[in-house]
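Working notes, beginning with the structure itself.
Nothing in this text is a laboratory measurement; each read-out follows from the coordinates by a stated rule. All of these numbers come straight from a predicted model, not from anything done at the bench. Here the Cβ positions follow ideal geometry from the backbone for every residue, glycine too, while neighbour counts run over all protein chains shown.
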Amino acid sequence: DLSPESSLVARAVLESRSFNVAGRDEQAALDPGLAVLLGTEVFAVVPLLARGRALGAIIADNRFTKRPIEKADVELLETLASHASFAIERARLHERLLEKVSELEKAYAELKESHHQLVRAERLSAVGKMATRLSHELRNPIVSIGGFARLVAKNLSADDPNQEHLKIIVDEVNRVETMMTEVLDFVRPRKPAFRP
């Protein structure tokens with residue numbers, strides 16, 4: 001609970017000021033429960049402040065030494081609290097910086113992967129364009145070869161020994177034409193067929 005009436009620690013944090021409790025009367029008015037918790041009636045509470053923001057508090061007591069906490073002791077504790085606050089804030093900033101670096105490294109890795117995918121897609125696109133052009137360029141001579149082979153086969157007698165050779169040429173031309181058609185079908189952009 002950080003309401004001002006809840007505890008002396010809350011007041012130190014909320015008001016950004018130190019408290020030096022010198023004994024039972026002062027302690028009873030400020031925070032009766034804290035003395036019981038600490039086991040002593042003499043203690044000091046100093047806030048940990050960083051850039052005008054409260055981070056917490058330091059409580060110092062005299063439970064073991066039993067000597068009074070002087071103003072100089074509180075000032076020394078305030079100096080220690082200032083250094084501790086600075087160290088805590090730097091540790092938090094360092095932690096946030098490491099998180100940001102990790103996020104940036106992850107984003108960079110994703111960007112790099114996206115770049116590789118884009119380069120692959122561009123290469124595949126270039127290969128597709130080249131395959132299309134090559135298929136178109138090869139189709140005309142292949143069709144001519146097949147056409148002439150069929151024409152020559154038609155004009156030869158059925159028992160001519162070249163008939164078998166022409167049949168092989170025609171079959172191979174058909175096979176090449178089929179492969180070129182498949183390549184063209186593969187690289188040709190298609191419209192998606194939507195079905196429920």
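Worth a mention:
- Residues whose amide H comes within less than 5 Å of that of A50, counting only those at least five positions distant or on another chain, are L55 (H built at 1.01 Å from N in the peptide plane).
- For segment 186-191, backbone phi angles converted through the Karplus equation (6.51, -1.76, 1.60; θ = phi - 60°) give residue-by-residue couplings of 5, 8, 6, x, 10, 8 Hz, Gly and Pro being listed as x.
- Highest-MSF residue in the chain out of A35, A87, A149 [GNM, Cα springs under 10 Å]: A149
- Residues whose amide H falls under 5 Å from that of V42, counting only those 5 or more places apart or on a different chain, are N62, with hydrogens built in the peptide plane.
- Derived scalar couplings ³J(HN,Hα) [segment 71-88; Karplus, 6.51 cos²θ - 1.76 cosθ + 1.60; whole Hz; x for Gly, Pro]: 4, 5, 5, 5, 5, 5, 5, 5, 5, 4, 5, 4, 5, 5, 4, 4, 5, 5
- The gain in end-to-end length when the I59 to L111 segment is fully stretched comes to 13.8 nm, 0.36 nm per residue minus the alpha carbon separation.
- Whichever lysines have a C-alpha closer than 29 Å to that of K112, once near sequence neighbours (fewer than 8 apart) are set aside: K100, K129
- For the chain, built as a Gaussian network whose Cα springs stay under 10 Å, the top-fluctuating residue of R11, R92, R51: R51
- Distance cut-off 20 Å, percentage of C-alpha pairs in segment 54-191 lying past it: 74 percent
- Using a cutoff of 8 angstrom between alpha carbon atoms and counting only pairs six or more residues apart, the relative contact order for the chain works out to 13 percent.
- Label-point separation in nm, D159 to V127, each point 7 Å along Cα→Cβ: 5.3 nm
- Rounded to whole Hz, the Karplus (6.51, -1.76, 1.60) HN-Hα couplings of segment 48-63, x for glycine and proline: 9, 10, 9, 6, x, 10, 7, 9, x, 8, 10, 10, 10, 10, 10, 3
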